[in-house]
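Q: One structure follows; several queries about it will come next.
Here, each number is a calculation from the coordinates, and none is a lab measurement. Please read all numbers here as calculations on a predicted model, not as lab measurements. Positions of Cβ are generated from backbone atoms using ideal geometry, with glycine treated the same way; all protein chains shown enter the neighbour counts.
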Amino acid sequence: MLVNSKVPLDWETVLNGITRGKTQLEYRCGRRIFDQGEPADSIFYVRNGKVKISVVSQQGKEAIVATLGAGEILGEGCLEGQPLRMATAATVTDCTFLRIEKLIMLSLLHEKHEVSELFALHMLSRNIRYEADLVNKLFNSSEKRLARILLMLAHFGKESRSEPVFPRVSQDSLAQMVGTTRSRVSHFMNKFRRLGFIDYSDTEELTVHSSLLGVVLHD
């Protein structure tokens with residue numbers, strides 16, 4: 001299959017080389033990709049858009065545990081023998097995915113060392129971010145947590161610049177991500193806009209400026 005060792009390997013190259021067991025899907029904002037408790041039989045690669053991963057307790061309380069974007073993989077638990085989905089994945093923007101059947105992906109990982117290495121690096125990077133998210137929730141104020149989430153949604157840091165968050169993530173979703181109330185999120189969003197850290201209007205676009213980083217770094 002397809003791999004040239006002189007060229008840095010990426011997921012688009014790997015997945016484009018798969019000729020069977022692969023489906024491209026386009027979901028509108030607010031669509032569920034899979035539900036907690038469903039059979040875990042495939043992984044999904046996010047080509048574009050943003051996805052939230054949430055868990056619902058036995059009491060019916062929902063908590064957002066992660067937000068994923070373009071270039072990331074979800075549903076990978078099936079590759080470790082997870083029979084059922086442990087969480088629900090839903091789109092928070094319009095999204096395009098590649099769905100790869102479990103057996104096809106397992107075969108690829110077993111047969112291609114460079115692909116398994118790419119997968120391991122991807123999961124390591126994800127775990128580092130999850131640890132940072134946990135520290136953020138445990139030790140930072142809700143204002144700092146919101147600022148950090150907005151910067152992440154705008155991809156700040158990947159290319160030393162920020163980008164618009166489009167479509168804008170709802171304040172209800174932000175409140176779930178931060179672990180606070182919608183009213184607190186609204187208060188801080190108005191404050192950030194007043195200070196020039198973000199811009200938004202009645203349109204769906206939200207622009208996050210690099211100056212918001214000062215909220216995260218300030219003691």
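Q: I need the peptides 17-24, 141-148, 192-199 ranked by packing, meaning the mean over residues of other C-beta atoms within 10 angstrom, with the highest value on top.
A: Put in order of decreasing packing, that is 141-148, 192-199, 17-24.
Q: Further question on the same structure: Report the local net charge at Arg145: Lys and Arg +1, Asp and Glu -1, summed over other residues whose C-beta lies under 11 Å from its C-beta. The partial results should precede the final answer.
A: Working: positive: Lys137, Lys144, Arg148, Arg184; negative: Asp133, Glu143.
With Lys, Arg at +1 and Asp, Glu at -1, the neighbours total +2.
Q: What's the ranking of 56-65, 104-113 by average number of surrounding C-beta atoms within 10 Å, highest first?
A: The densest-packed peptide leads the list: 104-113, 56-65.
Q: Continuing with this model, one more query. What is the diffusion coefficient of the stretch 15-114 in µm²/s, taking the Kirkwood radius over Cα pairs and the Stokes-Einstein relation at 4 °C with a viscosity of 1.567 mPa s? Kindly include the intermediate steps, with their values, before the conclusion.
A: Working: Rh = 14.0 Å.
For these conditions, the coefficient is 93 µm²/s.
Q: Once Lys and Arg get +1 and Asp and Glu get -1 on their Cβ, which of Ala89, Trp11, Val65 lies farthest toward the positive end of the dipole of the chain?
A: Most positive-ward Cα: Val65.
Q: So, counting K/R as plus one and D/E as minus one, what does the shell of residues with Cβ under 11 Å around Arg126 add up to?
A: Computed value for this residue: -3.
Q: If I require 27 Å or longer along the helix axis, counting alpha carbons, and a Kyte-Doolittle average no lower than -0.5, what helices from the chain are left? Use full DSSP H segments.
A: 113-139
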